[in-house]
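The values are calculated or read from the model by the stated rules, or taken from the named source; none is laboratory data. Just so it is clear, the model here is predicted, and its values are computed rather than measured. Cβ coordinates were reconstructed from backbone atoms using ideal geometry, including for glycine residues, and neighbour counts include every protein chain displayed.
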Amino acid sequence: MKEKIIINEDYLNENITQLLNDAELNYLYGKEVFFTAGFNQNKYILFQMIGNLGAYANDYEYDDSINVFVLSDSFYDQMKSGFKDEILKKVEKKLNSKRESEKKPLPITDKNPLVITKSSLIDFVKKRTSYYGDKVTQDLINSFQGI
């Protein structure tokens, strides 16, 4: 029997590596992105950034349509110390039920939520923005980092 998926620092690092090294530059296009509580900066700039890439931002309702789960820095720190709120437990449950039914590792796909940190999301957007020369999104990144 395969080990249960536990969302912890190692699991996040695997997801972040998949996003930054393996995902297509248009990975976020058409995706539903859920933001946890605890963003101390203007999350609406983040929402606009990913909107520029064709993604949909959500911070109020986690359901099965979510493709990417973004942890705020404070949420990430709490998770590292062992705290998991109900939403993170739902993500784990979904991943484990998918893993059981598919009997194989869960790669990045539209059906499996990717769990990442705010900084990895920004790194991905920077990578994509640089590649395509997207000045509008770069200006948003610059304004976000200046807050």
Criterion (part of a helix (DSSP H, G or I) and at pLDDT below 85) met by exactly one of 122, 87: 87
Cβ pairs under 8 Å, 6+ apart or interchain, first in the range 84-113 and over 13 Å from residue 64 (Cβ atoms), second assigned to a loop (DSSP other than H, G, I, E, B) and at pLDDT below 55, ordered by first then second residue, are 99/105; 99/106
Listed by range, strands (runs of 3 or more DSSP E) wholly within the range 12-74 having at least 2 residues that are within 11 Å of the chain's Cα centre (by Cα) are 32-35, 68-71
In the range 7-28, which residue that is surrounded by fewer than 18 Cβ atoms within 10 Å (Cβ to Cβ) and hydroxyl-bearing (Ser, Thr, Tyr) is modelled with the lowest pLDDT? 11
Picking from 31, 4, which residue would you name as being among the charged types (D, E, K, R) and exposed (fewer than 13 other Cβ atoms within 10 Å of the Cβ)? 4
Go through 101, 143 for me and flag whichever is modelled with pLDDT under 95, loosely packed, with under 13 Cβ neighbours inside 10 Å and either under 20 Å from the mean Cα position of the chain (by Cα) or assigned to a helix (DSSP H, G or I) (or both). 101
Yes or no: residue 59 among the acidic types (Asp, Glu), crowded, with 16+ Cβ neighbours inside 10 Å and either modelled with pLDDT under 90 or closer than 15 Å to residue 118 by Cβ (or both)? yes
